[in-house]
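A.B. asks: I have a structure I would like to understand better, so I am pasting it below and will then ask my questions one at a time.
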Amino acid sequence: DAGVIQSPRHEVTEMGQEVTLRCKPISGHDYLFWYRQTMMRGLELLIYFNNNVPIDDSGMPEDRFSAKMPNASFSTLKIQPSEPRDSAVYFCSWGRSYNEQFFGPGTRLTVL
Amino acid sequence: DQQVKQNSPSLSVQEGRISILNCDYTNSMFDYFLWYKKYPAEGPTFLISISSIKDKNEDGRFTVFLNKSAKHLSLHIVPSQPGDSAVYFCAASGPGGGSNYKLTFGKGTLLTVNP
């Protein structure tokens with residue numbers, strides 16, 4: 001158990017709909033990350049936060065993607081509007097030491 | 001532009017034999033390297049890491065080798081066990097001696113260990 005809850009675990013939606021993915025890491029971490037995994041591109045970093053502040057969002061593919069971290073134990077990744085090419089598994093992870101990150105189980109998103 | 005490359009999408013080995021997973025990188029600023037293991041329907045889990053000041057790190061059945069001049073690292077698993085069957089991701093970070101949290105991952109290699 002990596003101490004990360006992601007919801008929903010599976011999401012199926014139609015193109016154009018808004019999608020919100022949620023992450024609840026255990027408290028006491030310093031860093032929180034959002035990743036996307038696809039067959040074509042593997043595991044890509046989208047954005048990461050330090051002490052709830054976004055540090056690097058250069059991996060966010062488009063303005064349709066946004067992420068927030070209102071407090072130390074909750075973060076959201078929103079896609080609006082969603083497109084079929086957004087279909088992927090989205091992971092949230094947290095880090096406290098410099099050499100490890102702890103990943104949640106992921107949310108499998110399918111956009112029809 | 002893939003800065004971390006795992007050129008073998010899959011690898012199959014017999015139980016008890018050695019598994020060797022390879023990873024190449026292009027960014028000379030990377031100074032910390034990690035391997036993660038991922039089972040289906042789960043998130044990746046940390047396996048082993050190595051700093052660029054070393055060329056080898058060992059942890060039980062797992063050993064990571066780093067060849068900085070070739071920009072190449074490998075993960076050796078010996079002996080391989082059926083429970084090792086998973087996708088293995090190579091990751092790199094830097095500069096920062098590991099204090100740079102931003103990880104760049106390869107696409108992964110699916111290891112299958114046959115009984």
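The values are calculated or read from the model by the stated rules, or taken from the named source; none is laboratory data. Not measured: the values here are computed from a predicted model. Reconstructed Cβ throughout: ideal geometry from the backbone, glycine too, with neighbour counts over all protein chains shown.
Listed here are the residues, each with its yes/no results for (1) among the hydrophobic types (A, V, I, L, M, F, W, C); (2) at pLDDT below 95; (3) in contact with a Leu (Cβ under 6 Å, 6 or more places away or on another chain).
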site	(1), (2), (3)
B:D31	no, yes, no
B:W35	yes, no, yes
B:P44	no, yes, no
B:I77	yes, no, no
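A.B. asks: Residues that are within 9 Å of another protein chain (Cβ to nearest Cβ) and under 17 Å from A:I5 (Cβ atoms): which strands (runs of 3 or more DSSP E) entirely in segment A:51-112 hold 1 or more of them?
C.D. replies: A:88-95, A:107-111
A.B. asks: Let me ask another. Only one residue in A:D56, A:D63 is over 21 Å from B:K37 (Cβ atoms) and touching a strand residue (DSSP E or B) at 6+ places or on another chain (Cβ under 8 Å). Which one?
C.D. replies: When all the criteria are applied, what remains is A:D56.
A.B. asks: The conditions are (1) over 21 Å from A:W34 (Cβ atoms); (2) out of contact with any Ser or Thr (no Cβ under 7 Å at 6 or more places or on another chain); (3) among the hydroxyl-bearing types (S, T, Y), and B:T45 fails exactly one of them. Which is it?
C.D. replies: (1)
A.B. asks: Is it the case that segment B:21-43 has a residue that's free of Cβ contacts under 8 Å to residues at least 24 places away in the same chain and charged (D, E, K, R)?
C.D. replies: Within segment B:21-43, one or more residues are free of Cβ contacts under 8 Å to residues at least 24 places away in the same chain and charged (D, E, K, R).
A.B. asks: Let me ask something additional. Taking segment B:43-84, which residues are part of a loop (DSSP other than H, G, I, E, B) and acidic (D, E)?
C.D. replies: Within segment B:43-84, B:D55 is the sole residue that qualifies.
A.B. asks: Same structure again: Criterion first (within 14 Å of chain A (Cβ to nearest Cβ) and either in contact (Cβ under 8 Å) with a residue 12 or more places away in the chain or crowded, with 19+ Cβ neighbours inside 10 Å (or both)) does B:L75 satisfy it? Before you say what the answer is, go through the steps one by one.
C.D. replies: On the way: within 14 Å of chain A (Cβ to nearest Cβ): no; either in contact (Cβ under 8 Å) with a residue 12 or more places away in the chain or crowded, with 19+ Cβ neighbours inside 10 Å (or both): yes.
Judged against the criteria, B:L75 is not a match.
A.B. asks: Name the single residue, out of those in segment A:26-72 being aromatic (F, W, Y) and over 18 Å from A:R108 (Cα atoms), that is nearest to the chain's Cα centre (by Cα). I'd like the intermediate steps shown before the answer.
C.D. replies: Looking only at segment A:26-72, we keep the residues that are aromatic (F, W, Y), and these are A:31, A:33-35, A:48-49, A:65.
Remaining after also requiring over 18 Å from A:R108 (Cα atoms): A:31, A:48-49.
Working: A:Y31: 13, A:Y48: 9, A:F49: 11 Å.
Filtering first and then ranking leaves A:Y48.
A.B. asks: Any idea which residue in segment B:21-50 is nearest to the other protein chains (Cβ to nearest Cβ), counting only those that are hydroxyl-bearing (S, T, Y) and under 15 Å from B:I77 (Cα atoms)?
C.D. replies: Top of the filtered list is B:S49.
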